[in-house]
Every structure is written in structure tokens, then in C-alpha cells.
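Notes follow the structure.
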Amino acid sequence: MSVLDAEILVIGGGMAGVAAALSAVEAGRRVALVKRAPGATSMSTGAFDLAPHPRGWHLAKPDRDPTQLECLEALVRASPGHPYALIGRANEAEYLQEAFSFVLEKLEAGGLPHANFDPRDPGHHAVTSTGRLRRAASSQASHVLRDFNPDRARIGVVRLARCLGGLTGPPPMGGNVIEVDWPSSKNAPFLLPADIGKLLDEEGESRRFVEIVVAACKGRGFSHIVLPPVLGVFRTREILNELEEATRAVCCEALGGEASLPGIRLENALRRSLERAGVTVETGRTLDGAEVLERRGGPVVLASGRFIGGGVARRQGSMTETVFGLPIHDGESYLDDQPAEMLSCRSYRGPHSLFRAGLRVDDLLRPLDMGNRPLHETFFAAGSVIGGYDPHVDGCGLGVAVVTGYRAGRLAAGLEAS
Amino acid sequence: MVDLIIVGGGVNGTGIARDAAMRGLSVVLIEREDFGVGASGNSSWMVHGGVRYLLTDPKVTRVSCRDSGYIQKIAPHLIFRIPFLMPILPGMPGGRLVDLAYAYGTECFLGVYDRYQPLKNGKQSTRLSPEEVHRLYPAVRPDIVGAVTLDEYGIDAYRLCVINALSAAEHGAKLHTWTVVEKVLRDEAGHVRGVIARDRLTGDVLELKGRAVFNATGAWSPRFARRQGARVEMRPGKGVHVVLDRKISNYGVITKAVDGRDMFVIPLETSSVIGTTDDDFYGDPGALEATHDEVAYLIQAASHVLPSIERARVIRTYAGVRPTLHTYGIDESSLSRDHRIVDHASDGAPGMLSMVGGKLAAYRMMSEEAVDAVETVMGGSPTSCRTHVQPLPGGTTPLPNPIALAEEYGTPPWETSRLVHRQGANARDALELTRDEPALRAPICRCEGVLGAELVWCIRFEHVRRLVDLVRRCRLGHGPCGGARCVRVAGSLFARERGLEQKKAEREIDVLLQELWKWRRPALDGAQLAQEELTRGLFCSAGPTGSDGQPGSGA
Ligand SMILES: Cc1cc2nc3c(=O)[nH]c(=O)nc-3n(C[C@H](O)[C@H](O)[C@H](O)COP(=O)(O)OP(=O)(O)OC[C@H]3O[C@@H](n4cnc5c(N)ncnc54)[C@H](O)[C@@H]3O)c2cc1C
Ligand SMILES: Cc1cc2nc3c(=O)[nH]c(=O)nc-3n(C[C@H](O)[C@H](O)[C@H](O)COP(=O)(O)OP(=O)(O)OC[C@H]3O[C@@H](n4cnc5c(N)ncnc54)[C@H](O)[C@@H]3O)c2cc1C
């Protein structure tokens, strides 16, 4: 049977597409998912972000960090075109909790445990690839800076001599750098975090690694030891456990930077959770909208991503949605064939409408035509193919993927429709 | 009181500073940003004789051929050879015979050019059959009629400015970058006696006394002169280049745009450069940006001969203003490239001189003439110039062998060879830094092959005042990743070396990101947009600039 004949068809296999497929299966549907290739999800840092800290928060309330819900509410107030603003329910703590718990549990079942999400919580602390401290709504368990108290923590940051781009900045909170000469040969090649991860998935190599790191940290009284994000795709927890046992410090990984190993882990867990749920997956195929329209009557979820995923593109000056050729919107207006200079501004900071470009949807996530009508009753969009927000500057990429993906899957399965 | 104050740190300003300092004059050089930020760094980097100028102005070609021979001797490390092909396309009216005639004509035209080749160690040009062309250069469109070869040389023009300035400093000159000259001082007799300048980073105002002031501000020079009531006549021309993510070939190609203008595609390190446009420009040279239309024009013209360019990714653009001599009424690209040194005694500013026109390739000789004129204005007669025999910093031969250095210091070989290209004889000293700090063996920028040691070397010894200056010292951020990999690391090394607190360090990173964004903005299309999303993803998720918090919150 062709994937096109499945009860529900999901186009795109990033976080949004997978969340949609899984929630539709949960509702008892048979789902097929078509995925061309890994997209932005596979390059992400390992953190799930819901919304950024509100501007000026720390001036107004220096005593505490905002809760995730407060962050989201501020974001919705500041940008009314944001998908969170369109879906009324996304503002409800219970709904956020439901969507996140569902997705994070599936990832755990797929072999990748994550920190608990609680919208009434400020999120947990993690260290970025450049050595800065930040919050995340959730992240892979290996990234969580547990029991962290800024006043008492003594942080040590491990720097590997032959690791490219791993933990490069000065350590956070006045911590110390721990230089670790591994691999130790002088002319060993420099390796990307993802390549080192491959080495550390071998037990022998990871033993040696642990010994060298422990020797470098011993007796220095660190309360927390932060490693670059290189601790294997499969043996992460074991390596951390061994390190914690030997050093008596809380050990964690920094979030991923370029060539992100956590991104690869996430990709891997997505694949496994689709398998477990019995979703028919076809990878390596670029689905063509015309074919879909011709063959199908049933529900479709379009989760084809932004520029990295390939769901939205600008080709020789003209912006389009790539699967169905739908018009592109930035949350305020449609973007036609304007020169790049008009879609962006001189300041790198923006705001640039180019980076908010995507589909315009209604509160049931149905893409709208220029006359504000849904294109089709059972045609839904999820994730970064939806416009009106900047996944990066708005610090909400995977948050939107989780919330809209979860909802799109349920809508496609006939739930939630008002 | 110094002898000479030079305003402008392009190739001419730094060239004049070096020559004057080597002749024993006391010199101050003032540059409003950094060395090479004007036309010099944004040029095509060719120290060629300029085939395109042959028909209109053979003198320029002769002079710059001879002088580029000297440049090869004094800065051998910075020079790279580029063999060019000039493909002959079908489709001239009248069919094949005319094609051949045109080919013959082209060859004659290059035959003239060949007379100058021995002056700069080039190879003789040859006529190639279509089969030969495709063997050398498979990307050329299939139906060409043949091609003619010619030999050219390129140079890292940023570094050419930098090492001229450093050499001037070795001979006692004082360098002020990020300092703008705001006013020229006069004595009662109206004679120019110095300048008032403002340090843009500290805000300090400097009053500098000098016996002569040289206006080497390139495209800015008409404005600069006008403010002193003097005149510099110029017809400024904006030129835009487009950089592709890949090397299309090891050879350069000369071709024509739709409007008949000559254009080229050259391999540069791991990329290809397409240039250039040439349009009258009377705006502020400091606020220059390429436009989407200019990018489209260049891509269209280049893909006419090299169809695969359509599939390449435009990773950035850059733009400069040619300080061309004023001659009215002709088409921009046939304007004279010759130069002139103006003594403003005749128009009411005695003690001030300006340089107009010229080419990068002839900077040394023009600087020599300029210093001769300065000595004359100061009441003496020209003393002897040695800039053509004395190597520039790093230019002492034999140059070190990069592979041997890489073995010795445990650095990756490719990056080490880029280091030798940029630093020449100083490469070993830079690598010595890894003895105290082995972490500096790591490549920081993998697109352009920059080692930690090279960055630190530049920061310590090459008059780097801002993080963004490293863009000019070692091509930081020039590659396809748009600085995604290197900017933060370079920023923290810079902050460490200068003892900057977090806030100031972030500010430096912002200035650098802004500069790189200016290059990329006109080219955001196709696959480059995905790259841009990746770059933004990396920057935003790595922690906001400003406060600690959550991604994006400082933006
Ligand atoms: C470097 C980086 C770091 C990031 N860090 C964070 C972070 O720390 N926190 C956070 O919350 N977010 C982060 N993000 C953002 C986040 O990763 C994205 O916003 C999110 O993953 C988008 O998910 P998606 O499913 O919408 O798109 P994608 O993951 O891009 O998936 C789109 C999918 O659609 C497929 N597709 C497209 N067209 C077709 C077609 N025609 N036929 C079949 N398949 C098709 C693609 O192949 C791909 O599988 C980061 C992003 C980047 C790039
Ligand atoms: C697109 C293009 C391509 C070119 N290609 C080639 C080529 O391939 N080969 C070749 O030989 N030539 C080429 N040229 C020509 C060559 O680049 C120029 O002739 C040469 O670089 C001029 O150098 P300059 O020092 O006079 O000017 P610039 O390099 O422009 O230097 C002037 C400097 O003065 C500074 N300044 C301005 N005002 C002030 C002030 N008030 N106070 C302090 N400083 C100030 C500016 O910041 C600037 O750095 C090209 C030019 C362009 C634009």
C-alpha cells in the first residue's frame, strides 16, 4: 500500500511531524510519515525551549527567573502573529503540560530520557556550547545541571585538546577550565563532537576517556563538572555515572553546538519512537503536493520545516511553501517577490520578516488562503513551516514543534476540533 | 611636530607611510576604521596588468606589470598565481567564421599584452582548442569555440595594507586606527600644519602637528579636500563582487556581461569570486552595500559561460568604490586607471597633498612618487626609495615549509599552509605560541584555515584594536559558515588577550556579526537561507548576547 493511502499522512519527520504522527497513533489512527532527510531538529542543541525570558525581566524582578508560562505569555503579548497566540489553548498550562509530557515520554521510551517539564517552573539550568549558563524548558537528561546553586557551585569545565568547537568560551560563574589531553597523541586529528561521540560509544575507548578525565579533576573540589557534548549516542548515561561515581561531583554535558551530537541523539530517538508506535515511515522521499492532492481525501499534516527542513524556500527572489506552493506570510503580511533587502533590515538583530516567513494558519492549524479561508477541512500544518515567528530569536523552536505537532496530530485524528 | 601625517590606511596610505618612514621621515598614519577597509580590501585582489585596460590605456598596464614584479619580490608569501582562460563563445553574428575572427582578434589583443608578461614572471599566452579547454576546465559551457590563456597574480590585499603599516611602524611610524581626522589645522599664513583627529573607541581627541598632510582617503578624498577648501576631481565607481561557496575550477575565466562589460570568475582559496560591477557612485563610501540586483547581474553573466554556477551558493558579497580619475563623458569601465598626485598649494591648501586614481597593483610606485612629492613640498629634494628591494614583514625568503612546520608543532597541515601564506616567514614565530599553550594548535576557523596561534599572533602583534579587525588580518568569518563556527571562539580569545569584561566582549562580537551580516544580506536566497537559519540557530541557542537567560532573550 502506498503511504499516500494511509488514514493520516504526515509530511516531514522533524520534531513537529513526529509529534503529530505519535499523537494521531495515540488516538487510534493508522499513520504514514514521509521524510526526505533529517532537518533542523537533528541539528538542535538537545534543549527544548518554550519561550525566551521577557525583555527587561531581570531589571524588574531581579530576585527570581520567570516561569515558562510567564515567558510564553510575554511572547504572545509581544507578537500577536505567533502560533502560540493563534492557538488559544497553547496558553493554558494544562495543555502545555499535556503536550510536552506526551512527547517527552515517547522520547524516553525511544531511549532518550529528558528532564520533566513544568510550565509553572522556570525550567532547569544547562550550560551552552560556548560555556554560558542558561535555562531550558526541558532537555536531554545528560544536559541538566542538577542541584545547581549559583552561590555555592564550584564549576569545572572540561576542554578536550583535540575537540573542535566543544565548550569554547570562558567557563560560567567564574569556574575553572580542566584541560584534558585526549586523544593524547600530538598529531592526532582534530575531531568534531559528533566524531568523538562515535569513539566514546565503544566501551574500551570510553573507559580510557573516563580515567583521563577523572585524573584531571581529582582533588580539585568541583561541585559540578561540565563536559563537552561528546558522550556518545548510546552510552551517555553510563559514562556520566562512571564519572560521577569517581569524582563525587554532578557531571553533565554542555548543550550541542555545531555538528551537534545531542541533535543526532534526538533524531535517533524520534526514529525509534515512530517504530515503536507502528507508524509507516518512508525516508528519502520528497513528496510532491500535486500527487498528494490527486490521491488523497483524508487528513494531511504538513510538517516540512523552514529553510533547513526545506518546507519554505526563496528561489531566485521568490518565496514559496515548497510542497503545495502555498503563499508565505510573516505574521503581518504576505511576502511576495521582494528583494532580500526588503525582507530584512540592516541590523543583524532584526526584526527580519524573512526569518518569520511561513504559512498562515487558523486556530485549528489549517493553512489559510489569501481570502482567510482554510484551504481544506482536514489539512493541518505543524512546526516551523508555520510563519509568524522566528524559531531562533524567539527561542521557541522545539516548543512550537511540540505544541503544534501534538495538536495537529490530534486534530487530524478528529479530536480537539471545537 | 612630525614630518608627515597620512590620512587613510588603504594600500596607498600604508604604502606612503612605509616609504616615508624608510626614508627617515617621522610619520603618523590615521585610519578611520582599519587597514584596507576601503577600496583596497574590497578590490579584486589582482596585481595584474589589467588586460581590460590595454586597449584604452597601455601605460597603466606597463607600469603595473613592472610594479607587480616588485610586489612578488617583497611579499612573495601573499601572492598567488591565477592562470586565466578567456573563452571564445559562439553566436557572434555571422556564424563560425566570425567566431574565429573574433578569436584571432582576441589573441592579438592578448599578444600585445604578452609583451609585458616577462616583467612579472607570467607565462606566455596560448590558444586552446575546445577539447583542451574542457579538459582543463570542465565547467565551461560545451559549445565554446576555443580559448586563450593568460597569466595573472592575486594578492591578499588586506594583508598587503597591514604589512605595509607594520613595516612603517618598524621604521618608527605611529599608527592610529579607528581614528578619524576631523579637521586640518592651518597656521596664520594658511599653511597646513597638522590635524585634529578623534579616537572612535576611546573618544580621545588628538591634536597632531605635522609639516605636511597627505590625503590618501581614496574615494573619500574629494570630501576630505573640499572641507579644506581644496579640490580633488574624481569619478567614483562602485564595484561589487559575489563570492560562491565552492571553487568552480583552479583557473580564472574572463568573460562578458550582457551589456558587454568584461567580467571574471576567479578561484580564491576554497571559494570563487565573481566580479565586478562598475557604476558611478556619489554616495557615502562608508555606507556601501551590494544590492540584490547587482548580485543577480553578476550571477547571470558568469553562468553564461559557466552554467554550473547556477547551482552554487552565493555566500557573501562585497563592495568598494574605485577612486578613478575624473574624465567625463565616457562609459564607466573605460575610464582611465592612471593616477595623479595633487599638490594643493595651487588651490589654497599649501602643505596638503592628495592621491587620485591608480590601482592596487601600482601602489608601491605611486607611493614612491607621493613621497618624492612630499619631500619636494617640504622644501627638499627626493631621496632614494628602497621599498622595491626591502622585503615586507614576513616576506623574507626562503619561506618556511608548511608540512614540516605542521609536523614539528603538531598542527593540522592545511591550516598551517594557510598560516604560511598569510604570515610568510613569521609563521614559525606564531607557531611558537603553541609551546606555552598547546590549545592554540586547534583550528578556530575551518573555512579559512585559521589556527588559534594565528589569531593570537595577530591580536598581539598586528595592531588589532577590535575583534572585527581579525576579518582583515586572517580572513576570519569569510567562509561559507558565515562565522557560525569561529566568531564566539575568536571573541573569547580576543577578550582574554585584552582583558575585556563580558559586556565589552559581547559588544565586539556584535560589531563583527554586523559586519558579516552586511556582506550576506543581499544574497539571502536558495541554500544560503538554510545556512543563515543554521547560523542563527547556533548563535541564539548558544546563549543570548547580553544577559544570561534563555535563547533569544537578549536579542
Ligand atoms: C543549530 C540549531 C540549534 C537549535 N537549538 C534549539 C534549541 O536549543 N532549542 C529549541 O527549542 N530549538 C532549537 N532549534 C530550533 C529547532 O530545532 C527547530 O525550530 C525545530 O526542530 C523545527 O522542527 P520541524 O519539525 O518544524 O522542522 P525540521 O526538523 O526541519 O523537519 C522538517 C522535515 O520535513 C522534511 N521535508 C520537507 N519537505 C519535504 C517533502 N516535500 N517531502 C518529505 N519530507 C519533507 C524534512 O526532510 C525534515 O525531515 C535549533 C535549530 C538549529 C538549526
Ligand atoms: C571593486 C574594485 C575592484 C578593484 N580591483 C582591482 C584590482 O584587481 N587590481 C588593482 O590593482 N586595483 C583594483 N582596484 C583599485 C584599487 O583597489 C584602488 O585603486 C586602491 O585600493 C586605492 O587605495 P587607496 O589607499 O587610495 O584607497 P582606500 O583603500 O579606499 O583607502 C582609503 C582609506 O581612507 C580612510 N579614510 C577615509 N576618510 C578618512 C578620514 N577622514 N580619516 C581617516 N581615514 C579616512 C578609509 O577608511 C579608507 O581605509 C579595484 C577597486 C574596486 C573598487
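The values are calculated or read from the model by the stated rules, or taken from the named source; none is laboratory data. Quick caveat: nothing in here was measured; it's all calculated off a predicted structure. Positions of Cβ are generated from backbone atoms using ideal geometry, with glycine treated the same way; all protein chains shown enter the neighbour counts. The protein model used for the area step is the full one, side chains on, heavy atoms only, and it has no ligands, DNA or RNA in it. Shrake-Rupley method; radii C 1.70, N 1.55, O 1.52, S 1.80 Å.
Largest first, the residues A:Lys218, B:Lys247, B:Lys503 sort by 1.4 Å accessible area into B:Lys503, A:Lys218, B:Lys247. Applying D = kT/(6 pi eta Rh) to region A:16-72, where Rh is the Kirkwood radius over alpha-carbon pairs, T corresponds to 25 °C and eta to 0.890 mPa s, the Stokes-Einstein value obtained is 166 µm²/s. Per-residue mean of foreign Cβ neighbours for B:282-291 is 1 (Cβ atoms of other chains, 10 Å radius). When the Cα convex hull of region A:195-342 is projected onto planes of every orientation, the mean area is 14.5 nm². Given R0 = 25 Å, the distance between the Cβ atoms of A:Ala93 and A:Ala37 translates into a calculated FRET efficiency of 0.10. Here the Karplus relation 6.51 cos²θ - 1.76 cosθ + 1.60, evaluated at θ = phi - 60°, turns the backbone of region A:198-205 into coupling constants of 5, 4, 6, 6, 8, 4, x, 5 Hz, with x for every Gly and Pro. Counting only DSSP beta bridges whose two residues both lie in the protein assembly as shown, roughly 60 percent are antiparallel.
Extension gain, A:Arg154 to A:Ala246: 0.36 nm times the residue separation minus the Cα-Cα distance gives 31.4 nm. DSSP assigns beta bridges within chain B; of those with both partners inside it, close to 75 percent run antiparallel. Grouping the Cα pair distances of chain B into 20 Å bins from zero gives a pair-distance distribution of 21, 55, 23, 1 percent in increasing distance order. Cβ-Cβ distance of A:Asp363 and A:Asp63, R₀ of 30 Å, FRET efficiency by 1/(1 + (r/R0)^6): the value works out to about 0.25.
Mind checking the dipole of chain A: about its Cα centre, +1 per Lys or Arg Cβ, -1 per Asp or Glu Cβ, Debye to the nearest 20?
720 debye
With a simple spin-label model that places each label point 7 Å from the Cα along the Cα-to-Cβ direction, the separation between B:Thr270 and A:Asn176 comes to 3.7 nm. Extension gain, B:Lys503 to B:Ala404: 0.36 nm times the residue separation minus the Cα-Cα distance gives 31.5 nm.
Calculated mean residue ellipticity at 222 nm for chain A: -9000 deg cm²/dmol, from DSSP H runs with n ≥ 4 weighted as -39500 (n - 2.57), summed, divided by the residue count and rounded to 500.
In plain terms, the chain from B:Leu206 to B:Arg435 could stretch by 78.4 nm, reckoned as 0.36 nm per residue minus the Cα-Cα distance. State the percent of C-alpha pairs, over all pairs in region A:129-255, separated by a distance greater than 22 angstrom. That tail contains 27 percent of the Cα-Cα pairs. Given a 1.4 Å probe and the protein chains as shown, A:Asp65 ends up with an accessible area of around 40 Å². Once you sort the root eigenvalues of the Cα gyration tensor of region B:443-510 as a ≥ b ≥ c, which label holds: rounded (a/c under 1.5), prolate (a/b larger than b/c) or oblate (the other case)? Judged from the Cα gyration tensor, region B:443-510 comes out oblate (a/c at least 1.5, b/c at or above a/b). In sequence order, region A:235-247 has phi-based couplings of 9, 3, 4, 4, 4, 4, 4, 4, 5, 5, 4, 7, 9 Hz under the Karplus curve 6.51 cos²θ - 1.76 cosθ + 1.60, θ = phi - 60°, and Gly or Pro positions carry x.
With a 10 Å cut-off around each Cβ of A:351-360, the average count of Cβ atoms from other chains is 2. Is there a pair in B:Lys238/B:Lys518; B:Lys73/B:Lys359; B:Lys73/B:Lys238; B:Lys73/B:Lys247 whose C-alpha atoms are over 20 Å apart, and which pairs would that be? Exceeds cut-off: B:Lys73/B:Lys238; B:Lys73/B:Lys247. Relative intensity of the protein assembly as shown on a log10 scale, I(q)/I(0) at q = 0.06 Å⁻¹, equals -0.49, per a Debye sum over C-alpha point scatterers of equal strength in the absence of solvent. In this simple spin-label approximation, A:Glu332 and A:Asp201 carry label points 7 Å from Cα along the Cα→Cβ vector, and these lie 4.6 nm apart. Computed from phi, the 3J(HN,Hα) profile of region A:5-13 under the Karplus parametrisation 6.51, -1.76, 1.60 (θ = phi - 60°) reads 8, 4, 4, 10, 10, 10, 9, x, x Hz, with x in place of Gly and Pro. Per residue of A:128-136, other chain Cβ atoms within 10 Å of the residue Cβ number 6 on average. Semi-axes of the equivalent ellipsoid for region B:402-540, computed as √(5λ) from the eigenvalues of its C-alpha gyration tensor and ordered from largest down, come to 26, 18, 12 Å. Less than 5 angstrom separates the built amide H of A:Ile225 from those of A:Gly156, A:Val250, A:Cys251, A:Cys252, all sequence-distant by 5 or more or on a different chain. The Cα-based radius of gyration of region A:39-84, divided by its Kirkwood radius, gives an Rg/Rh of 1.06. Cβ under 14 Å from A:Val279's Cβ, A:Val279 left aside: what net charge do those residues give with Lys, Arg +1 and Asp, Glu -1? Here the charged neighbours net out to +3. Annotation: amide H of B:Gly210 within the under-5 Å range of B:Val2, B:Gly194, B:Val195, sequence separation 5 or more or interchain, hydrogens built in the peptide plane. Solvent exposure of B:Thr387, expressed as accessible area, is near 10 Å², computed with a probe of 1.4 Å over the protein chains only. Its Cα gyration tensor gives chain A an equivalent ellipsoid; the semi-axes, largest first and in whole Å, are 38, 24, 20. Between B:Glu188 and B:Glu233, the FRET efficiency estimated from the beta carbon spacing at R0 = 22 angstrom works out to 0.15. Here the spin labels are modelled as points 7 Å beyond Cα on the Cα-Cβ line, and at A:Glu291 and A:Met370 they lie 2.9 nm apart. Among the protein heavy atoms, those of B:Phe281 account for about 40 Å² of accessible surface (1.4 Å probe, every chain in place).
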